[in-house]
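What follows is a set of notes on a single structure, which appears directly below.
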């Protein structure tokens with residue numbers, strides 16, 4: 001049997017076991033005490049049936065199905081479809097991330113190509129890099145005065161570092177012999193940057209971009225919990241306040257799937273620019 | 001006696017296409033002060049000449065080549081090419097790197113066309129590819145244009161390197177052990193082709209090699225460099241073989257083993273004792289002694305005798321028939337023959 005097939009079988013088995021265990025752990029233990037059906041309805045299944053407060057896989061499955069059937073409904077500021085919430089989050093991530101790309105790659109090139117700039121900027125990078133992106137939030141809210149833009153700024157600042165550092169590293173690590181080829185061919189600085197350094201450093205740069213998109217997607221949930229209004233992070237927090245654990249679990253799953261898709265897109269792109277040696 | 005050591009200066013005064021003048025290279029050493037790789041090198045080359053430089057690892061051959069290429073700057077002295085001091089790399093001087101240095105993200109055509117496009121910046125895509133194709137065909141890679149370097153064998157990669165260097169139609173080719181990473185068979189074929197192409201195009205070539213046979217087969221003159229640090233150019237060996245040579249019977253030439261033994265003797269013993277050897281003799285760095293070895297002579301391997309006396313010996317002032325060393329010669333010939341037959 002092919003390895004892929006066997007691995008898929010094991011995956012399915014693990015999934016089945018997990019769902020089964022989840023189902024067993026959350027199912028009701030039967031009527032706790034005989035009571036009037038009207039009263040039982042009033043106190044809820046947890047009290048009357050001994051059912052766990054945690055929703056079972058069937059509840060979550062049903063919820064997911066409902067969301068999938070109608071992802072884009074809008075019934076006011078606190079009741080929007082999962083699709084709309086995701087679209088807000090993805091849009092914020094994309095704007096902040098692309099801004100970070102626009103800054104990190106040119107600055108990374110500068111740092112990688114100029115030992116002077118590398119040393120001059122190093123202390124700033126070393127201090128700014130370890131700062132939790134959320135620590136910027138109050139400052140962003142105070143200066144930008146817009147919650148949505150503030151979360152975009154937080155995405156920008158957290159995506160910046162991995163891309164910047166990887167670009168600088170990739171550019172600085174371009175093989176001397178390739179640069180010597182360019183020198184003996186009297187290739188100018190700009191042409192050298194685009195035709196030698198960029199393709200040579202592209203795999204490293206894209207690896208940085210892949211790390212960044214992962215971090216950005218992690219951070220957006222937290223940022224939206226803080227600023228509220230719209231987005232998948234806000235949705236999770238809102239459903240927690242509604243005590244709808246089913247919706248919270250659904251959102252967690254969706255966050256995971258979207259994160260995986262974003263990562264895979266960058267993985268594909270990395271594959272495209274990687275060259276065999 | 002002095003007339004025997006003719007300064008090469010007098011011989012080729014007329015055409016100094018490349019002139020290395022008093023070039024030194026020093027690196028700062030860790031404990032302060034500086035380490036001298038080589039000091040005060042003087043050498044000139046004529047247009048269309050094929051010069052090989054031989055010396056042990058670490059003597060600074062590659063640094064000399066990099067200085068000629070303009071990739072490295074000398075600590076002292078200058079290199080004059082075509083009456084102009086060089087200041088950095090130039091499209092007039094193509095380099096063939098030991099590690100071939102192909103751009104792995106480009107195809108064979110892409111690599112050659114990149115060089116062509118660097119020389120003729122405003123050439124049309126079609127002309128550019130046609131020009132590149134001509135040189136891909138020249139090195140026998142027709143049909144492999146769209147392969148990437150990773151799909152090519154070592155020999156094919158080096159062919160691309162040669163095509164790339166030739167495609168910019170340089171005045172000078174600088175080769176840093178271009179064949180050292182190849183198997184013997186491929187090396188032989190590529191040597192033949194480089195020789196053919198260089199003769200056809202009248203290239204001036206400066207090549208580093210460790211392979212004595214390769215140097216004798218390809219070079220008009222072989223420059224011997226002593227061990228570093230403080231390396232010097234010890235001798236310039238004029239290749240007595242006719243310009244028209246055939247790989248298969250170059251070793252049958254009566255003078256072949258004279259040259260070969262002379263170079264090997266130098267590498268084995270004289271390269272490290274050259275300073276002592278020159279003590280007292282009027283060795284002049286500016287006029288590196290030129291020798292033209294004769295047929296094998298037993299005395300040429302003795303390094304303790306005075307350099308001038310030795311030169312008498314290798315120059316065949318004594319009858320070479322008196323002291324032929326057939327043992328070493330025969331073994332060597334067998335090796336060459338085997339290589340050629342493969």
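The values are calculated or read from the model by the stated rules, or taken from the named source; none is laboratory data. What you see is a predicted model, and the numbers here were worked out from it, not measured in a lab. Virtual Cβ from ideal backbone geometry, glycine too; neighbours counted across all protein chains shown.
Residues that are assigned to a strand (DSSP E or B) and under 16 Å from the mean Cα position of the chain (by Cα) occur in the range B:188-205; there is at least one.
Would you pick out the residues in the range A:66-83 that are part of a helix (DSSP H, G or I), surrounded by fewer than 21 Cβ atoms within 10 Å (Cβ to Cβ) and either at pLDDT 95 or above or touching a helix residue (DSSP H, G or I) at 6+ places or on another chain (Cβ under 7 Å) (or both)? Reasoning before the result, please.
Initially, the range A:66-83 is screened for residues part of a helix (DSSP H, G or I), giving A:66-69, A:82-83.
Remaining after also requiring surrounded by fewer than 21 Cβ atoms within 10 Å (Cβ to Cβ): A:66-69, A:83.
Correct list: A:67 only.
Yes or no: the range A:184-206 includes at least one residue that is over 30 Å from residue B:62 (Cβ atoms) and crowded, with 18+ Cβ neighbours inside 10 Å. Yes: one or more hits. With respect to (1) in contact (Cβ under 8 Å) with a residue 60 or more places away in the chain; (2) surrounded by 19 or more Cβ atoms within 10 Å (Cβ to Cβ), the lone exception for residue B:180 is condition (2). If only residues of the range B:141-151 that are in contact with a helix residue (DSSP H, G or I) (Cβ under 7 Å, 6 or more places away or on another chain) and more than 13 Å from chain A (Cβ to nearest Cβ) are counted, the one that is surrounded by the most Cβ atoms within 10 Å (Cβ to Cβ) is B:141. Look at (1) surrounded by fewer than 22 Cβ atoms within 10 Å (Cβ to Cβ); (2) within 20 Å of the chain's Cα centre (by Cα); (3) part of a loop (DSSP other than H, G, I, E, B) and you find that residue B:155 fails only one, number (3).
Any idea which residue in the range B:75-95 is nearest to residue A:174 (Cα to Cα), counting only those that are at the interface with chain A (Cβ under 10 Å from one of its Cβ atoms) and touching a strand residue (DSSP E or B) at 6+ places or on another chain (Cβ under 7 Å)? That would be B:95.
State whether one or more residues within the range B:102-117 are closer than 19 Å to residue B:218 by Cβ and either crowded, with 19+ Cβ neighbours inside 10 Å or more than 18 Å from the chain's Cα centre (by Cα) (or both). No, the range B:102-117 contains no residue that is closer than 19 Å to residue B:218 by Cβ and either crowded, with 19+ Cβ neighbours inside 10 Å or more than 18 Å from the chain's Cα centre (by Cα) (or both). Among the residues of the range B:106-152, how many are in a loop (DSSP other than H, G, I, E, B) and more than 21 Å from residue B:200 (Cα to Cα)? Total meeting the criteria: 14. Do we find that residue B:173 is touching a residue at least 60 places away in the same chain (Cβ under 8 Å), on the phi < 0 side of the Ramachandran plot, surrounded by 23 or more Cβ atoms within 10 Å (Cβ to Cβ) and away from chain A (no Cβ under 14 Å) in this structure? In short, no. Of all residues in the range B:132-140, at least one satisfies being within 22 Å of residue A:200 (Cβ to Cβ) and touching a helix residue (DSSP H, G or I) at 6+ places or on another chain (Cβ under 9 Å). Does the range A:141-158 include one or more residues that are surrounded by fewer than 20 Cβ atoms within 10 Å (Cβ to Cβ), within 14 Å of chain B (Cβ to nearest Cβ) and not in a helix (DSSP H, G or I)? No; the residues of the range A:141-158 include none that is surrounded by fewer than 20 Cβ atoms within 10 Å (Cβ to Cβ), within 14 Å of chain B (Cβ to nearest Cβ) and not in a helix (DSSP H, G or I). Of all the numbered requirements in (1) buried (at least 17 other Cβ atoms within 10 Å of the Cβ); (2) within 30 Å of residue A:195 (Cα to Cα), residue A:264 misses one, and that requirement is (1).
Set side by side, the residues A:46, A:26 differ, and just one is surrounded by 14 or more Cβ atoms within 10 Å (Cβ to Cβ) and within 18 Å of residue A:244 (Cα to Cα), which is A:26.
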